[in-house]
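The values are calculated or read from the model by the stated rules, or taken from the named source; none is laboratory data. Fair warning: this is a prediction, and the values are worked out from it, not measured in the lab. Neighbour counts run over all protein chains shown; Cβ positions are idealised from the backbone, glycine included.
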């Protein structure tokens, strides 16, 4: 941030000098302000689900005071059933939300001007899982089968894949358990690598008893969790947007560097939200988050949080072709980067 | 002291260690056997307990399932009004106090064409039965997509749900039994809705935790997904599954066990889900596919065995200490008299046999040893006294023998030159006795003015009898020689005298010769003696004389007198077999040839030197080996009648007298 300012040259410096002079003058006029704490900007963030390691970075950043260090007094709202992030943004209950790219594109198409300020998860972690005993060993094998899909935006990636491959399935709505799959009510279930896949394993099904297909390996790599705000919110206070994006990134970095501490924090928020909390499951989830937030950079630094241009167009194209959206905005219009703006 | 200590300590160590080993083995075997017996018994108990508990839970669940099934079947056939449905549920709840709540939920538009969803639900709320509608009360997920509804519809079969918190319905953690009911449409059976009956997890927890298992044991309920439903640690409930515990503990065995559990198997395993070792028996609850496990903590289970073993170990240790003490005392009682005996026999070892030995108090080995020592002391004392006496006697005999030797030596002429006034001959003799008193002798004496008699003899045997015999023989020979003057006759007479009373059968060899000093004629006779040597100017040779018979054993033996004439310088050399049969260390004999060679050496030697040369040669040959026979020599050189030394090959003039 500070580097950018320096690189913009003397014009900026002059403006800055002017501002300093004005500020000093006003301080002279109101001496009491000299002793005031730097004011924190209040803001709120809503994750797309109830507390779990999927959002470890945000809870860790909050708990470790990283948002405050960036001058933000952040509140993380409760996600989960009945707490739609988009509705929370629209209603003004939340300033920023964690949601999927597909979700954001759909709402953008519906006229809600969502802007991506940081792309956290760089690859899709969605899978289609079947039991080997059901003899479905390929995508084509799923044709005509009962496939469990979550309602709404989470069904966009698998439906895109099925429509692209011309596969017709019998769609069965999924809620938040894997029991329908475990009991044989459906033959295929969609699952998140970091969540349901592990739940299935820890219900006593061994990995070698399953066929698991990653959507990303089938050409449907829709980046998932990103941080979004309404365009007016972002434009109204770009510094706040930048602070939230940067502090969140630092939070993730800290969580990956200190996984046990991060788990402690996540578990604390889970118990506070009265959701079943299993540490081993959260540990699995945090490890998988590392895999999908930092793909190929196991020991490196977090990526900058930029939405990949190609991934963006792939997702937009696919959704458009599937008839899920009428069109999608320009990349530059959809994404906002504090570094690019100034 | 050291000796007694070492025995005491050795006894203590050996006996105590052996006993400790035997005791330890016994203790360990006892402990292990008790354990394995207890384990066998435990397995039986655990199986009975788990099975009966599982059956109790199952019975309750089965009864709920039956009631629900009954409701579903009545809904298949009959159409109910809203009130009818509520009263159907209500009467079911009244009849089944274990059921927490019950719903009849319809497929979209299945209750009527106007309403999409319809699901009346009655549940117990603070003592009263409360009626709500699930189509309205579920805020986020419609009942259509709740597990308790969706799964039986998809499977078209009765299903027990995984326990869940029914948010918006019963608002409790419960498990639901759901049974689909149907309608017929064109001969095809279609699902019309689902009847559900809820069991609160609390009631199962109460039932299970009411079973006391030892003090710290417990029963545990696991769902079909391995989820922990009841557990003493409430943080486990609905949070941990057996598989997550296995993952956390990195315990593939536990995971495998979990898979067996959810597969409906039963088993007895040494595992307790925690670090504390324990035993677990698990049995399936058939109706729900759940598992009931009974956990017995090992520490408590084997507490009795352990405390018994500890008591035994305590008693054993005390016993071992006592044993060590007793062994020490017993060993001391044995070693004390031994110590006394040892200190008493110390002076005995240095020769004092008059020491007082400790009194014999018992008839055991120590008593026998003391008696033996006493006897030994006595015997040794006696023996030493005898030995002292014998030694004194022997010393006396020794001195007497020495005297006898002196006397014997004094009997032989030993002053040389013997006849310095007679220039016509020279004579020299020597005798080295093998024992104190020898059996050899020689003699020479004049029987008249011109006749010298000289002789050499060897009495068989040595010692005193030989010496006495020699005395007799010598005396007889001298007296008879002076009377008879002919060697053959002399020997014959002496032989007859000796043979007369010769009861001890003693005998002697004698060579007797008489020299006529004027003519050099020498007459001689031999009684079994070694042939003499003649050393003349022509060389040395043995004279071929008649052997003659030994003197002494047989009377009337005839002896021939032979004669030769010595020339000037001739040496007549007599010797006993002590010379020729002298032995060296290799047992070789000195031999006649060697004697001959020595005398051949120097013809001009004086007789004395000649004898000495032979003596020193024999001594050199023997190299210090003890000689068994006397060594005696007599050498006579005739120097007086002007006849020159005889040629060695000249025929001897031997004639009978």
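Taking region A:131-225 as the region of interest, the strands (runs of 3 or more DSSP E) fully inside it that hold 1 or more residues being more than 26 Å from the chain's Cα centre (by Cα), under 29 Å from residue A:293 (Cβ atoms) and not assigned by TED's automatic domain parsing to the domain that holds residue A:282 are A:210-214. Checked against (1) surrounded by fewer than 15 Cβ atoms within 10 Å (Cβ to Cβ); (2) at pLDDT 85 or above; (3) within 60 Å of the chain's Cα centre (by Cα), residue B:625 meets all criteria but (2). Would you call residue B:25 out of contact with any helix residue (DSSP H, G or I) (no Cβ under 7 Å at 6 or more places or on another chain), in a helix (DSSP H, G or I), modelled with pLDDT of 90 or more and over 23 Å from residue B:310 (Cβ atoms)? So residue B:25 does not fit the description; no. Among the residues of region A:166-190, those that are more than 16 Å from residue B:153 (Cβ to Cβ), in contact (Cβ under 8 Å) with a residue 40 or more places away in the chain and more than 8 Å from chain B (Cβ to nearest Cβ) comprise A:188, A:189, A:190. Scanning for something more than 21 Å from residue A:64 (Cα to Cα), at pLDDT below 95, touching a strand residue (DSSP E or B) at 6+ places or on another chain (Cβ under 9 Å) and within 14 Å of another protein chain (Cβ to nearest Cβ), does region A:310-317 turn up at least one residue? Looking for residues that are more than 21 Å from residue A:64 (Cα to Cα), at pLDDT below 95, touching a strand residue (DSSP E or B) at 6+ places or on another chain (Cβ under 9 Å) and within 14 Å of another protein chain (Cβ to nearest Cβ), one finds none in region A:310-317, hence no. Scanning region A:264-297 for residues that are within 13 Å of chain B (Cβ to nearest Cβ), crowded, with 21+ Cβ neighbours inside 10 Å and within 30 Å of residue A:41 (Cα to Cα) yields one hit, A:270. Summed over region A:204-241, residues that are within 14 Å of chain B (Cβ to nearest Cβ) and surrounded by 23 or more Cβ atoms within 10 Å (Cβ to Cβ) total 1. A count restricted to region A:247-260 and to residues that are out of contact with any helix residue (DSSP H, G or I) (no Cβ under 7 Å at 6 or more places or on another chain), surrounded by fewer than 22 Cβ atoms within 10 Å (Cβ to Cβ) and not in a loop (DSSP other than H, G, I, E, B) stands at 3.
For (1) in contact (Cβ under 8 Å) with a residue 40 or more places away in the chain; (2) under 26 Å from residue B:507 (Cβ atoms), each residue gets a yes or a no:
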position	(1), (2)
B:565	yes, no
B:594	no, no
B:622	yes, no
B:634	yes, yes
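Contact annotation: residue pairs with Cβ atoms under 8 Å, 6 or more positions apart or on different chains, pairing a residue in region B:162-189 that is at positive phi with a partner that is assigned to a strand (DSSP E or B), are B:171/B:165. Go through the residues of region A:107-130 one by one and say whether even a single one is farther than 26 Å from residue A:85 by Cα, part of a strand (DSSP E or B) and within 14 Å of chain B (Cβ to nearest Cβ). No. Candidates in region B:525-541 are the residues that are touching a residue at least 40 places away in the same chain (Cβ under 8 Å) and touching a helix residue (DSSP H, G or I) at 6+ places or on another chain (Cβ under 7 Å); of these, the one that is farthest from residue B:460 (Cα to Cα) is B:539.
Scanning region B:567-596 for residues that are closer than 19 Å to residue B:623 by Cβ, buried (at least 16 other Cβ atoms within 10 Å of the Cβ) and touching a helix residue (DSSP H, G or I) at 6+ places or on another chain (Cβ under 8 Å) yields a total of 7. When region B:425-454 is filtered for residues that are over 60 Å from the mean Cα position of the chain (by Cα) and over 25 Å from residue B:490 (Cα atoms), the ones remaining, listed by number, are B:432, B:433, B:437.
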